[in-house]
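Okay, so here's the structure we're looking at.
Each value in this text was obtained by applying a stated rule to the coordinates, not by laboratory testing. As the structure is a computational prediction, the values presented were derived from the model and not from experiment. When we count neighbours, we look across all protein chains shown, and the Cβ atoms used for this are built from the backbone with ideal geometry, even at glycine.
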Ligand code: MG
């Protein structure tokens, strides 16, 4: 079975509340949706958000990468030879990981549909022992003043979330106050993951995390304390604090993960399809992490259910992914899709529908190939 056509369109979904991190503020999901059809007219779907501040990709760059490089490269290729398709994508254009992820997710959706199995089952292969169809995600608390964050955290806990991902990285001392205010509001029960989004210097990170440890604030892990360009800083913080350090912006590729594990740049790895270029490369990072006993998180950018569900299927297939930060659909004010994994507060349930399980997204698709 061959790839007959690649098309694309856009989805726009308002967020319940503006999303604020040390890097940016956003109030809508505005994502590219890719549709890939085979000769029988069966279709797979993928999605990419423009997250310029992290991947360097804009709406225009993602569209250009898909239209002028990736779509022409994969059109006509044989879906029974997925390795060759993914290799062709890598040859077609360097980097552009979110654009590749959108195409890669659509391909995986389509391939699993052709095989008549849910994507998690296709990804697990013979290794069915690690499959989980029920996952639990944390919920992101945006960075604000401590009182606002405490209020948002309490609301999240009241809505059933018992793992919070708290955004900090805006002033070390105040960051301790933020976590303290949240703990005062929610008590010690819910887990707190702290994400600095590269907002600290290495000294600031060690001091701030040390204060959080001394104050017994019960932090499960700290994500990306320092700049992704400061590998030594990541090593230093990992060495100096007791709390587990999770690498996010520091790890895009398999090669990044390899170096990070070898040179101990963190304790844990956050795998996001928009950084890896999709599920194919994410699976390779899972293999590497598994071999080295490094636990992973499946994360997402500000994405809606198409691509987040791709990540959820990956998490369901791979036991090495022990943490999920797949709250994109929960942050959206509405769900424009039919079918797919069920997002109910912190609970994600994978269904047995073939592929990712989501029906045709309600967007106007147009022919994706544009000659360059
Ligand atoms: Mg992060």
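For segment 25-92, the equivalent ellipsoid derived from the Cα gyration tensor has semi-axes of 25, 15, 10 Å, listed largest first.
In terms of packing, defined here as the mean over residues of other Cβ atoms within 10 angstrom, the peptides 308-321, 179-192, 347-360 line up highest first as 308-321, 347-360, 179-192. In terms of the Cα gyration tensor, with a ≥ b ≥ c the square roots of its eigenvalues, is segment 164-275 rounded because a/c is under 1.5, prolate because a/b exceeds b/c, or oblate? It comes out prolate by the Cα gyration axes.
Working value for segment 243-333: equivalent-ellipsoid semi-axes of 21, 13, 12 Å, each the square root of 5 times a Cα gyration tensor eigenvalue, largest first.
Quick check on segment 70-158: take the gyration tensor over C-alpha atoms, sort the square-rooted eigenvalues as a ≥ b ≥ c, and tell me if it's rounded (a/c under 1.5), prolate or oblate. Here segment 70-158 falls in the oblate category.
Taking every C-alpha pair closer than 8 Å and separated by at least 6 residues, the mean separation divided by the residue count of segment 105-162 gives a relative contact order of 19 percent. State the Cα centre-to-centre distance between segment 301-372 and segment 78-145 in whole Å. A separation of 10 Å, based on Cα centres. Inter-label distance, residue 351 to residue 128: 2.2 nm, where each label sits 7 Å from its Cα along the C-beta direction. Determine the percent antiparallel among the DSSP beta bridges restricted to the chain, to the nearest 5. So the antiparallel bridges in the chain amount to around 55 percent. Each peptide in 117-127, 253-263 gets a packing score, the mean of other Cβ atoms within 10 Å over its residues, and the list from highest to lowest is 117-127, 253-263.
Go ahead and run the numbers for FRET between residue 91 and residue 30, Cβ-Cβ distance against an R0 of 30 Å, rounding to 0.05. So the FRET efficiency works out to roughly 0.55.
Pairs of Cα atoms nearer than 8 Å and 6+ residues apart set the relative contact order; for the chain it is 22 percent. Extension gain, residue 173-residue 292: 0.36 nm per intervening residue step, less the Cα-Cα distance, totals 39.3 nm. The mean of 1/r over all pairs of different alpha-carbon atoms in segment 123-349, once inverted, gives a Kirkwood hydrodynamic radius of 17.7 Å.
Could you state, as a whole-number percent, how many of the C-alpha pairs of segment 1-115 are farther apart than 19 Å? Result: 45 percent of Cα pairs exceed 19 Å.
For segment 153-193, backbone nitrogen atoms closer than 18 Å to the point 7 Å from residue 240 Cα along Cα-to-C-beta are found at 169-176. Residue 284 versus residue 148, label points 7 Å from Cα toward the beta carbon: distance in nm? Between residue 284 and residue 148, the simple spin-label model gives 4.1 nm.
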